[in-house]
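This report refers to the structure that appears directly beneath it.
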Amino acid sequence: MAPLRGCDASFRIAAAAPDRLLQGQMQKGRCRFPALDDPTREICSWSQVTKSPDVFSYKDGWFNPDGTVYRSWTKDWFVFVKR
């Protein structure tokens, strides 16, 4: 893994969140890198994240610069619970 320019996620405290829930996401269309199947073509990543003291969850996918789906990893969120 390596940091990529434009791939930072911005976070905010969720409204009416007594459990200190943070919500974050990348700026859609800004995180760009070469496509796996064609390195001359550029694709975008967009990740969404939630974080509370006990749960971290995320959902992401890869998109073409025009916004159409290049590859969507899952329709559901990945959820990790602290034990």
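What the table shows:
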| item | result |
| --- | --- |
| Per the chain, cysteines lacking a partner by the 4.7 Å Cβ criterion | 44 |
| Label point distance in nm, residue 56-residue 12, each placed 7 Å from Cα along Cα→Cβ | 2.3 nm |
| Entry for log10 I(q)/I(0) by the Debye sum over Cα atoms at q = 0.17, 0.18, 0.23, 0.26 Å⁻¹ (calculated from the structure that is shown) out of (1) -0.75, -0.82, -1.12, -1.27; (2) -0.53, -0.60, -1.01, -1.33; (3) -1.01, -1.09, -1.27, -1.24 | (1) |
| Given the chain, longest segment not containing exposed loop chymotrypsin sites (Phe, Trp or Tyr not before Pro) (DSSP; at most 15 other Cβ within 10 Å) | 1-72 |
| Electrostatic dipole magnitude of the chain [Cβ: Lys, Arg +1; Asp, Glu -1; Cα centre; debye, to 20] | 260 debye |
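The numbers here are math on the coordinates, done by the rules we state, and not lab data. Bear in mind that the values here come from a model prediction, so they are computed numbers and not experimental data. Heads up, the Cβs are rebuilt from the backbone with ideal geometry, glycines too, and the neighbour counts pull from every protein chain shown.
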